[in-house]
Amino acid sequence: MKGVFLTLEGLDGSGKSTQARLLARFLEERGLKVRLTREPGGGIEVRSLLRGDLSPEAEYLLFSADRAEHVRKVILPALEEGAFVVSDRYLDSSLAYQGYGRGLPLPWLEEVAERVTLGLRPHLTFLLDLPPEEALRRIGKRAKDRFEEEGLAFFRRVREGYLHLARLEPGRFVVLDATRSVGEVQGEIRTHLKALLP
Ligand code: TYD
């Protein structure tokens, strides 16, 4: 596998999507092949199915169906071509939201994920860390989806989950303080990327 797989993670409102776009542009400007992608929706458009009162299990399996297709049809082919793949969310979102947030057992999530992802893990994951109060304040301006309606307690569990995942794999995760300006956060992302650039 010749490419580099980068992911961005964090609470809703942490600015992941903006940072992913800026990162992709930065890499493209350096003449690198880049594939900017996202979950949910990178493989199968599952968003419309996620509405309503779904069990956490059903939710996880829908995200996983999307992910299985995303890995096989988008991420792996791009990596084979030597691209930098930048994904706005990936498996850590499920571990944080469905695992720590909704309380599904992590061993079951990991077991399913191993097969779903063919064992593919990011080379580097940027965690845009934000206090849940600030996340809620930011997304308050946008339309709330079903996760966001669960409020502060849920967001606290998700945030702690992400930080725990980061502590378990300090070599893969870069934890960034997402309360800072877009430019400052992007600057730090680029600094950490230097080692991976040709
Ligand atoms: P996101 O794309 O960040 O939301 P939007 O672009 O609509 O602001 O993701 C949608 C929601 O799905 C978000 O609350 C996080 C959640 N999610 C999970 O709970 N598990 C997952 O595995 C993924 C990929 C997303």
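Brief remarks on what is shown
- Considering the range 80-198, the qualifying strands (runs of 3 or more DSSP E), each wholly inside and each with 3 or more residues that are touching a strand residue (DSSP E or B) at 6+ places or on another chain (Cβ under 6 Å) and closer than 23 Å to Asp66 by Cβ, run over 84-88, 124-129.
- Of all residues in the range 157-178 being of a type in the set (A, V, I, L, M) and touching a residue at least 60 places away in the same chain (Cβ under 8 Å), the one that is surrounded by the most Cβ atoms within 10 Å (Cβ to Cβ): Val158
- For the range 1-23, the set of residues classified as farther than 20 Å from Arg180 by Cβ and of a type in the set (A, V, I, L, M) consists of Met1, Val4, listed by residue number.
- If you filter the range 1-44 down to residues that are among the hydroxyl-bearing types (Ser, Thr, Tyr) and part of a helix (DSSP H, G or I), you find that the one that is nearest to the ligand (Cβ to nearest atom) is Ser17.
Residue-by-condition table, conditions (1) touching a helix residue (DSSP H, G or I) at 6+ places or on another chain (Cβ under 6 Å); (2) within 30 Å of Gly187 (Cα to Cα); (3) surrounded by 19 or more Cβ atoms within 10 Å (Cβ to Cβ):
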residue	(1), (2), (3)
Ala24	no, yes, yes
Leu27	no, yes, yes
Arg30	no, yes, no
Lys33	no, yes, no
Leu49	yes, no, no
Asp53	no, no, no
Ala58	no, no, no
Gln98	yes, no, yes
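- The number of residues in the range 57-80 that are more than 18 Å from the chain's Cα centre (by Cα) and within 13 Å of the ligand (Cβ to nearest atom) comes to 2.
A short reminder: the numbers here are calculations on the coordinates, not readings from a lab. Keep in mind that this is a model prediction, so the values were computed, not measured. Virtual Cβ from ideal backbone geometry, glycine too; neighbours counted across all protein chains shown.
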